[in-house]
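Shown next, in structure tokens, is the structure this report addresses.
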Amino acid sequence: MAPTPIISVHDVCKYYGNFTALEGISFDIKPGEIFVLLGPSGCGKSTLLRIIAGLETESKGDVVIDGTDMLGIPANKRPVNMVFQSYAVFPHMSVEANVAYGLKLERLPKAEIKAKVAEALEQVHLSQFSHRMPDQLSGGQRQRVALARALVKRPQVLLLDEPLSALDAKLRDAMRLELVKLQESVGVSFVMVTHDQSEAMAMADRIAVLKDGKLRQLDSPTALYKNPCDQFVADFIGRINMFDVSSHTRNGDAVQFDTKTLGTVTLPASLMPANTRNLAIAVRPERVRVGLEQPAAEMIAVTGTLGDVAFQGDSSLVEIILDGERSITALATEAQAETLMALEIGTQVYANWQPKDMLVLPENASE
Amino acid sequence: MEDFRKHFSVFLTFFTPTAGWLVLLFFVPLGIIWVYSFGENISLTEIKTTWTLDNYKRMFEPQIITLFWRTVWLSTLSTIITLVIAYPISMVIATASNKAKPWLMLVIILPFWTNLLIRTYAMLNILGTRGRINDVLEWLWNLGDGALDLIGLGAFDLLGEHFAPIRFLGNNSGVMIGMIYVYLPFAVLPIYSSLERLDRNLLEASLDLGAGQWRTFRSVLLPLTSAGISTAAVITFIPMLGSFLIPNLLGRGKVDMIANVIERQFKSANDWPFGSALSLFLLYITFIILAIQAFANMRANKGRNDG
């Protein structure tokens, strides 16, 4: 039996006048998981987080937290706490006072507050900064204050709005790991909003992909990557080479797809999605091999000329230009890339991959 | 800006007229007043500078102390009421939609486009015993009295035998209403700008951490807008201290504030030395208030940096 969800979002809609910010969003968040709301800016992910926090009211639907319907319950009475994108650390209070703020409201004894604050600051490695004012801290340290301030309240769920977006790249990578570790040690569920798919992939147990206020797909990072439900999700999660299908015909166990770039491609019918509107077939760059010789007949192949090879250290992104405007990206290993880089740009090459590596994707699975 | 030393002639060209203007029309008259304050009347038109301190000693006469006291408490109370009214107005403007904001600001700034004298006369019309406010009150009184008649209680005169208009003019209330009205926009602007700069997430964070609206107001909003509030307080209190026209017209000459007495020294009382001393004393009070505010700001900033 699945554990009872800590947060249950049911058919939540949010309208601003005629504008639909969220429509029919439903999902359950399990206790102790890192749940990521992922989507491009303006997809409604932050609004959804704010609705869970009680800072905004849904136009329709329910949010149930730990078995209690949150309808009409204001933000200050909800068992969740938030880490804001701007951190929102109170500038007129010391680090210690910031962290103690929420505890003082619970009217706990002073000694207990002091002990809890010290413990929370320890947890985020800020003990020696407890008497500093926020303007004497770096961005990363301010974020830790915001984290400690929220965690010290022992929330059922910690909500994080783009927690890493204001940090520089190096610090962001370190903080990803640290957040995951922190989550493991405190054991509460994290609900995190981000527009950065690599961040989501690295941290999440499950990801909800949102687009234009609608939930496109909810799955684990690997499932999202391997089996994206539609073209948007496939494109948003990782890199992909996508080929529009002009028409397709089914022939028993096989389906023939007509494409402009690849010509006619025959794939097993098992790859067909339920929704077949505006199909495209796609392949991930790491499945594409680049060779100088004509590949075997069972492979799907396309001829092009070698474009840029973007060195990334352990691997390289290879661009194969097909007919001037279109191109295919392949991910080459270190050894392969070395051979390719020795070639002159414009050399004729064959990009090829196995039919089973292809994905057949509708434009929008939920339509 | 920094290289005014390099282009000294250019600097001089722009600086001289301004500086000259300031020296000629501000510092020189102020100096004359300062010298007068140490003088004595020796005839109806002649003043001799004897460097006496008598004019300053007269400051401690009971009636002058009373006058200062009245000026200070009228201004203090009016400032507090002004701030209490200005704060919610500023909040409304700061939280209004971008479309409504300029219009609301216009409503606040509109009175500046009308002469103070005209506005004060308009206040006379509104506050008088036969003024608009009392018209409304009388109409309400008649309505109430009529209703009492209707239910058979007319004979008891529960609302009094006649309508008794409220007297606003010639007493402290009229002067305070006038000052609050005139200086309200001065208080709204700095408070509004401090609210506008405030990160809304801070208020949401406070709510999120379990604070109610009132606690959030007290622990987050007020402290973070304290700079705006103190600017608003100083910017209204100082001109209120020096109010002349409002106590003169709305006080009907019965509510003297310090400026009214100063004016009398220079005109009807013909005691320029004492008038000068009073003027300077008012100036010193202003300086002290500004110094206190600057000191308080400095401490607030220093406290933040030392932490």
* Structure fact -> Taking Cα pairs closer than 8 Å and at least 6 residues apart, the relative contact order of region A:7-231 in percent is 30 percent
* Structure fact -> Evaluated at 37 °C and 0.692 mPa s, the Stokes-Einstein D of region A:7-231 based on the Kirkwood radius over Cα pairs, in µm²/s, stands at 182 µm²/s
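Looking at the protein assembly as shown from every direction and averaging, what is the projected area of its Cα convex hull in nm²?
One quarter of the hull surface, i.e. the mean projection, equals 52.4 nm².
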* Helices from chain B with mean Kyte-Doolittle at least -1.0 and a Cα length along the axis of 18 Å or more, per DSSP H: which? -> B:8-22, B:62-95, B:132-150, B:172-197, B:226-241, B:272-306
* Rounded to the nearest 500, what is chain B's calculated 222 nm mean residue ellipticity when only DSSP H runs of at least 4 contribute -39500 (n - 2.57) each, over all residues? -> -22000 deg cm²/dmol
* Asked: If you place +1 on the Cβ of every Lys and Arg and -1 on the Cβ of every Asp and Glu, how big does the dipole about the Cα centre of chain A come out, in debye to the nearest 20?
  -> 1500 debye
* **Residue-wise HN-Hα coupling along region A:169-183, computed from phi with Karplus coefficients 6.51, -1.76, 1.60 (Hz; x: Gly, Pro)** => 3, 4, 5, 4, 5, 5, 5, 4, 4, 5, 4, 5, 4, 4, 5
* Structure fact -> Taking Cα atoms, the helix A:110-123 axis meets the longest principal axis of chain A at an angle in degrees (rounded to 10) of 20 degrees
* Would you pull out the residues with amide H under 5 Å of A:R216's amide H, same chain only if 5 or more places away, H placed 1.01 Å from N? => A:V209, A:L210, A:K211
* Looking at the square roots a ≥ b ≥ c of the eigenvalues of the Cα gyration tensor of region B:1-136, which shape do they give, rounded for a/c under 1.5, prolate if a/b is larger than b/c, or oblate? -> oblate
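Is there a simple number for the mean count of other chain Cβ atoms within 10 Å of the Cβ of residues in B:31-43, and what is it? If you can, show how the numbers build up before the last one.
Working: counts 0, 0, 0, 0, 0, 0, 0, 0, 0, 0, 0, 0, 0.
Average per residue, whole number: 0.
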* Under 18 Å from the Cα of B:K254 - lysines, other chains or at least 8 residues apart -> B:K267
* To do: Answer rounded, prolate or oblate for chain B, using the Cα gyration tensor with square roots of eigenvalues a ≥ b ≥ c: rounded when a/c is under 1.5, else prolate when a/b is larger than b/c, else oblate.
  => oblate
* List the lysines whose Cα lies under 27 Å from the Cα of A:K14, skipping any in the same chain that are fewer than 8 positions away. => A:K30, A:K45, A:K60, A:K77, A:K211, A:K214, B:K99, B:K101
* Other chains near A:89-95: what is the mean number of their Cβ atoms within 10 Å of each residue's Cβ? -> 5
* Using just the helices of chain A, give the 222 nm mean residue ellipticity in deg cm²/dmol: DSSP H runs with n ≥ 4 each add -39,500 (n - 2.57), and the total is spread over all residues, rounded to 500. => -7500 deg cm²/dmol
* Quick one: Karplus J couplings for region A:100-108, per residue in order, coefficients 6.51, -1.76, 1.60, θ = phi - 60°, nearest Hz, x for Gly and Pro? -> 6, 3, x, 6, 4, 5, 7, 6, 7
* Using a basic spin-label model with each label point 7 Å from the Cα along Cα→Cβ, how many nm lie between B:E196 and B:A294? -> 2.7 nm
* Structure fact -> Where a ≥ b ≥ c are root eigenvalues of the Cα gyration tensor, a/c under 1.5 meaning rounded, otherwise prolate if a/b exceeds b/c and oblate otherwise, region B:62-127 counts as oblate
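Each reported figure results from applying straightforward, stated rules to the coordinates on display, with no laboratory input. Remember, predicted model here, so these are calculated numbers, not experimental data. Please note: Cβ atoms are built from the backbone with ideal geometry, for glycine as well, and neighbour counts cover all protein chains shown.
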